[in-house]
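Before any comments, here is the structure.
Derivation of every value follows stated rules applied to the coordinates shown; laboratory data play no part. Keep in mind that this is a model prediction, so the values were computed, not measured. Cβ: placed from backbone, ideal geometry, glycine included. Neighbour counts: every protein chain shown.
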Amino acid sequence: MGKPTGFIEFGRELPMRRPVQERLRDWSEVYLPFAEEKLQTQGARCMDCGIPFCLDGCPLGNLIPEWNDLVYRDRWQDAIERLHRTNNFPEFTGRLCPAPCEGSCVLGINEDPVTIKQIEVSIVEYAFEQGWVTPIQPAARTGKKVAVVGSGPAGLAAAQQLNRAGHLVTVFERDDRIGGLMRFGIPEFKMEKKFLDRRLDLMEIEGVVFKAGCHIGVDIPAAKLQKDFDAVVLAGGARASRDLPIPGRDLKGIYFAMEYLPLQNKICAGDAIPDEELISAKGKSVVIIGGGDTGADCLGTTLRQGASVVRQLEILSRPPDVRDESTNPWPLYPNIFRISSAHEEGGERIYSISTKRFVGENGHVKKLETVKVEMKRSPDGRMSFEEVPGTEGEIEADLVLLAMGFLGPERVGMLEDLGVELTDRGNVQCDENWMTNVPGVFSAGDMQRGQSLIVWAIAEGRSCARGVDMYLMGESDLPAPLP
């Protein structure tokens, strides 16, 4: 590395967030600019590790030490070349990935890890500013046609890789715009959609065809794709939301997170939402059930909409402030208490609590009946929750948002029509080449893996593209980060 003692000389530093009261008045991203000199100092903290475990922590196999060092040496164009070599969309992962690479950083054993995620997003943004990110046209066309169903990160990665291999790629999206959950599930304050549009524009110039508003299995029979295309990639995500089937669930005012968040994203895009379809938290007591990232997205959104009170409920116990080395040793991703930008903005987090019943008035939810729980693990590792006697309580709520994760892909329609086999967890079953039991039909991302991270989705999309290319051509030069 260019600065062998950098990790000793410099501490971890991240860009400042805009003041809470300022950012609650808009939907712009929360971070302030980070000086180039500071970023180079952070790059200098990357150690000359004998074994860089950050590479194993990253499903994409990003060449992290290489581009950290290149940033330190002020060689930004070389840095973006290294970054794009393994990651199609670093502007997405640099904003949305929880950075398992940092959890595996060797420096993180006894110090704060290297700011890998911030360096990543800074490289790609600098490259766009300098005009270095340009369309990459295939050297020749193969004449083979590939349909990609779903325009989230897995589908887009597969599409870009297959297009660059020379195939004619068409991406079908059921929603009215391209981008999947990056478009409709991720709030503007986490990633402004101009960054998504910028990349999609490049992909169109490269030759990828996008068709929005096409629901395969509803608008277009799945069999037609098999007839019209030489291969099909299923990358529709895990869109079946986890429900909470308890008494009172049928009351008005209770919504899935993915019913709520897309509406605000559409409003931010300038869409006019009819009053009867609008879900607003303004002036309401809000309860968010689910303590993960989607719950935090709901939290930040409700606060910007002007909620009077917001409480986020989590059935799990509060994570520790520091890593528990006995159960969560390095280099595993650290299970620790984290404060996202949304949590910094307000709301109350309540742990070890379960909702027993929704109580309404005139058909609308008014409160939740709750009870405290204790988490238990059986000898075989299974987790259960036992109610704590005497801890029953009530929480007022005019709006309840269910953000408890997803159960897998929707089965009715496309999957049933194609006859693809599913795993015992309800995900699409694939072989080692990412092909389903139906010849020529492949799958990648959450539809195949189950609910997961954006970095895994891109890695799966790239790997699936190689499998499709081999199926079509008998061989492939496309890189595949996953076996």
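Assorted remarks:
- Cα-based reach from Lys376 at 21 Å (exclusive), listing lysines while leaving out same-chain residues under 8 positions away: Lys356
- Summary of the geometry: the stretch 251-329 and the stretch 199-249, compared by the centres of their Cα atoms, lie 25 Å apart.
- The alpha carbon centroids of the stretch 338-393 and the stretch 178-193 are separated by 28 Å.
- Separation of the Glu276 and Met470 label points, Cα + 7 Å toward Cβ, nm: 5.3 nm
- Full-extension gain in nm, Arg75 to Glu421, via 0.36 nm per residue minus C-alpha separation: 119.7 nm
- Quick note on the stretch 332-406: its Rg to Rh ratio, both from C-alpha atoms and Rh being the Kirkwood radius, is 1.03.
- Legend: distances between Cα atoms for Lys284/Lys372; Lys282/Lys366; Lys190/Lys366; Lys252/Lys284; Lys284/Lys366; Lys190/Lys282; pairs beyond 19 Å are Lys284/Lys372; Lys190/Lys366; Lys190/Lys282.
- Diffusion constant of the chain at 10 °C, which comes from Stokes-Einstein with the Kirkwood Cα-pair radius and 1.306 mPa s, µm²/s: 66 µm²/s
- The order of the peptides 106-115, 293-302, 148-157, 225-234 by mean Cβ neighbours within 10 Å, most packed first, is 148-157, 293-302, 225-234, 106-115.
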